[in-house]
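Worksheet: the structure to be examined is printed underneath.
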Amino acid sequence: MSLTAVQSTRPQLLASALEVLEAHGLEGLSMRAVADRAGVSAPALYWHFADKEALVREVAREVSSTLKTRMLEASTAPTSEERLRRTLEAFRSFAVSHPSYFHMLFVRPPTTKRGEVRDGGATASILQLLVDRVGDCMRDGSLANGDAQSVATSLAALAQGLVVLHQRGRFPTEAAFAQFFDLSLDRMIGGLR
């Protein structure tokens, strides 16, 4: 097999890993399951990923990148407050559409054998997008001046907590969840003015 052929296999393997994660959660994301899904031998998988930790780290980066892309699409909204709201809506929509991805990043992130989170800084960069949106709102006066990091963390906690409640069956329908999510944001953002 040529080097080019080996390199072109990596995106296929990563796509297979994402499919395994989506279908079986982080607990089901094994080297064997990914190799089977991709239709390759385990040694072919180890050519690209030294071990499961390397695979999981790369999957976390890909999941984070997908979420960040959705959140960045909100930056086209006309006002800073609308960009903030759309960023949080992108987060809600992503979490509902991809519960295993959400779980991996925010509920039970993968850890090393020493207990360190192995998401490669994925959640920190997502929070930074929210900090930036809050900072924009504070600069233009749509939110009261304050610590953008603290406010963004509070908004993230609200969004994540509501998603977990939704995943645990607290809301009868997805529409009811979306409505309550928006109402909760209205209340919190109103209080931050």
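The values are calculated or read from the model by the stated rules, or taken from the named source; none is laboratory data. Just so it is clear, the structure is predicted and the values come from calculations on it, not from any experiment. Methodologically, a virtual Cβ is constructed for each residue, glycine included, from the backbone with ideal geometry; neighbour enumeration extends over all protein chains shown. Quick note on the areas: whole protein, heavy atoms, side chains included, nothing else; ligands and nucleic acids left out. Shrake-Rupley method; radii C 1.70, N 1.55, O 1.52, S 1.80 Å.
Odds and ends about this structure:
- Each residue in the stretch 148-167 was checked for being β-branched (Val, Ile, Thr) and open to solvent by 60 Å² or more (accessible area, probe 1.4 Å), and 1 of them qualify.
- Applying the criterion of at least 1 residues that are under 15 Å from the mean Cα position of the chain (by Cα), at pLDDT 90 or above and not β-branched (Val, Ile, Thr) to the helices (runs of 4 or more DSSP H) found wholly in the stretch 95-193 leaves 99-102, 122-140, 148-167.
- Entry remark, the stretch 6-36: residues being outside any helix (DSSP H, G or I) and surrounded by fewer than 14 Cβ atoms within 10 Å (Cβ to Cβ) number 0 in total.
- Number of positions in the stretch 168-191 that are exposed (fewer than 10 other Cβ atoms within 10 Å of the Cβ) and touching a residue at least 12 places away in the same chain (Cβ under 8 Å): 0
- Test: residue in the stretch 74-85 that is touching a Phe, Trp or Tyr at 6+ places or on another chain (Cβ under 8 Å) and either surrounded by 17 or more Cβ atoms within 10 Å (Cβ to Cβ) or at pLDDT below 90 (or both): no
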